[in-house]
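Structure, as structure tokens:
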Amino acid sequence: MTTQQPSLPDLSPAQILPDASEAVAEHALHRDTAPGSPHHALRPEQDPENIPRVGAGFIATYMFAYFGLNLVMLMPALFSLAYKVQLIDPAGKDASLGLVIGLGGIIGLVLGPIAGVLSDGTRLAWGRRRPWILGGLLLATAGALVVAVVPTIPLMIAGWSICQLAVAVISAGFNPVLAERVPSAQRGKVGALGGVAASFAGVGASLIGSFLTGNILLLFMLPPVVFAIGVLLFVFVVKDTPAPAGTPRLAVADVFKSFWFNPRKHADFALVFLGKFLLQFGFSFFSTFSFYFLLDRLGFTPEQAGQSLAAAGGISLLAMMGFAVIGGFLSDRLKRRKPFIYLAVALIAAGLVTVSVAPDITLFIVGGVLLSAGTGAFTSVDLAMATDLLPEPEKAGKYMSIYYLSSGIPGALAPIIAPVIIAFGGGGNYPALFISGALLAVGTAVTTWRIRGVR
């Protein structure tokens with residue numbers, strides 16, 4: 001079952017396309033090593049040709065830390081925020097949840113690139129990345145505490161904004177680890193194992209939350225505590241060094257200028273961006289409000305809803321992974337990308353329509369499985385198609401950063417817009433929301449059809 005709030009891949013931001021582990025590694029590698037890049041100066045041990053192989057201890061630590069980070073992101077987004085919002089504002093919970101998640105998401109979207117650039121230039125004696133991971137942990141703990149204890153929606157927005165700032169700060173230190181500490185020969189394996197850990201966090205988020213509804217403080221504080229254990233292990237196991245002395249510091253304005261490209265000149269890349277944007281927008285409608293659908297349309301208690309989402313998530317995870325693996329293999333073998341996008345659109349649209357008319361949990365699960373299968377088919381070719389269509393391959397870091405926004409922007413805006421659709425006909429109109437998502441998904445098929453650079 002698709003249960004995570006902002007991102008297409010089903011249960012984890014490790015599989016969220018903007019944060020796909022291997023893609024992040026390649027992005028960081030291009031950014032730090034591309035000729036002419038302001039970050040191209042690397043120490044000998046940071047040269048991709050000289051990175052030593054990592055052992056089981058490193059991999060286990062990486063997986064546990066990544067599990068904790070995803071629990072920090074997903075447990076509130078999938079369960080905790082929605083649960084507390086409906087306690088504070090039961091009558092207006094849809095709009096309130098949209099504001100909490102959406103406005104907080106905008107904070108992360110804006111500050112993420114800034115944190116990444118500042119992290120690249122950090123020259124503290126105890127490391128280039130560690131200060132950001134530890135600082136982000138402190139922010140995440142503070143933000144979670146605020147969200148847990150405050151009694152109003154505006155204060156929840158403030159607390160969740162702190163949490164999203166924390167994720168941006170943590171990501172600035174954590175995301176480059178694959179590129180800087182793992183050799184290319186192991187990068188796919190380690191990234192995939194990180195994705196597995198994150199998937200378990202996605203499945204466990206709703207399940208764990210459903211057992212903690214009697215203790216709001218523990219409901220919000222458990223994820224940062226788990227992550228703190230991972231961070232302590234990470235600090236001791238993973239090496240870190242200051243940024244090279246010659247690393248220039250980019251101006252913040254230059255960071256945002258780098259996100260511009262000419263969509264007329266590079267039409268194919270613009271179309272693949274727009275297609276992902278539309279699909280993500282529709283997907284976010286479901287992932288944000290599926291919890292309330294189970295409460296309002298199927299009459300579940302919050303505990304029943306959380307446990308049902310977790311159980312269904314485990315089933316759907318198998319569908320997502322199966323379609324992702326098989327789709328990726330067939331796409332490379334057949335040298336085709338578009339057919340798999342069309343298949344993904346059909347499955348996701350069918351899943352959303354199925355959920356919209358679901359009278360019980362069984363049909364809801366069927367819809368979720370279709371959604372997950374569709375996201376698997378999409379992720380099997382999505383990044384490959386985007387990289388095939390890069391306008392300037394020598395600037396891969398820039399264009400992949402732009403492409404990542406095709407998920408980040410909808411993840412912030414969709415929760416804010418969704419309550420307007422839900423309000424149609426007197427409120428509680430989740431079927432209209434999910435059907436709107438299906439129509440947006442169909443738009444992805446149109447944009448894909450118009451692409452000329454891939455088959």
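The values are calculated or read from the model by the stated rules, or taken from the named source; none is laboratory data. If you're wondering where the values come from, they're calculated on a predicted model, not measured in any experiment. Cβ placement follows ideal geometry from the backbone for every residue including glycine, while neighbour counts extend to all protein chains displayed.
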Review point. Only one of 317, 298 is surrounded by 15 or more Cβ atoms within 10 Å (Cβ to Cβ) and in a helix (DSSP H, G or I); which?
Key: 317
Study note, to complete from the structure: If we keep only residues of the range 111-151 that are among the polar types (S, T, N, Q) and modelled with pLDDT under 95, then the residue farthest from residue 255 (Cα to Cα) is 122
Check your understanding: Among the residues of the range 349-364, which ones are within 22 Å of the chain's Cα centre (by Cα) and within 20 Å of residue 311 (Cα to Cα)?
Key -> 351, 352
Check your understanding: Taking residue 213 and the conditions (1) among the polar types (S, T, N, Q); (2) crowded, with 19+ Cβ neighbours inside 10 Å; (3) farther than 18 Å from residue 62 by Cβ, which numbered condition does it fall short on, given that it satisfies the others?
Key -> (2)
Exercise for review: Scan the range 227-240 and give yes if some residue there is in contact with a Ser or Thr (Cβ under 6 Å, 6 or more places away or on another chain) and more than 24 Å from residue 142 (Cα to Cα), otherwise no.
Suggested key: yes
Review point. Of 231, 196, 203, which residue is surrounded by fewer than 20 Cβ atoms within 10 Å (Cβ to Cβ) and within 21 Å of the chain's Cα centre (by Cα)?
Key: 196
Exercise for review: Name the single residue, out of those in the range 330-374 being modelled with pLDDT under 85 and either among the β-branched types (Val, Ile, Thr) or closer than 21 Å to residue 272 by Cβ (or both), that is surrounded by the most Cβ atoms within 10 Å (Cβ to Cβ).
Suggested key: 337
Check your understanding: Tally time: how many residues in the range 281-314 are under 17 Å from residue 419 (Cα atoms) and not acidic (Asp, Glu)?
Key -> 16
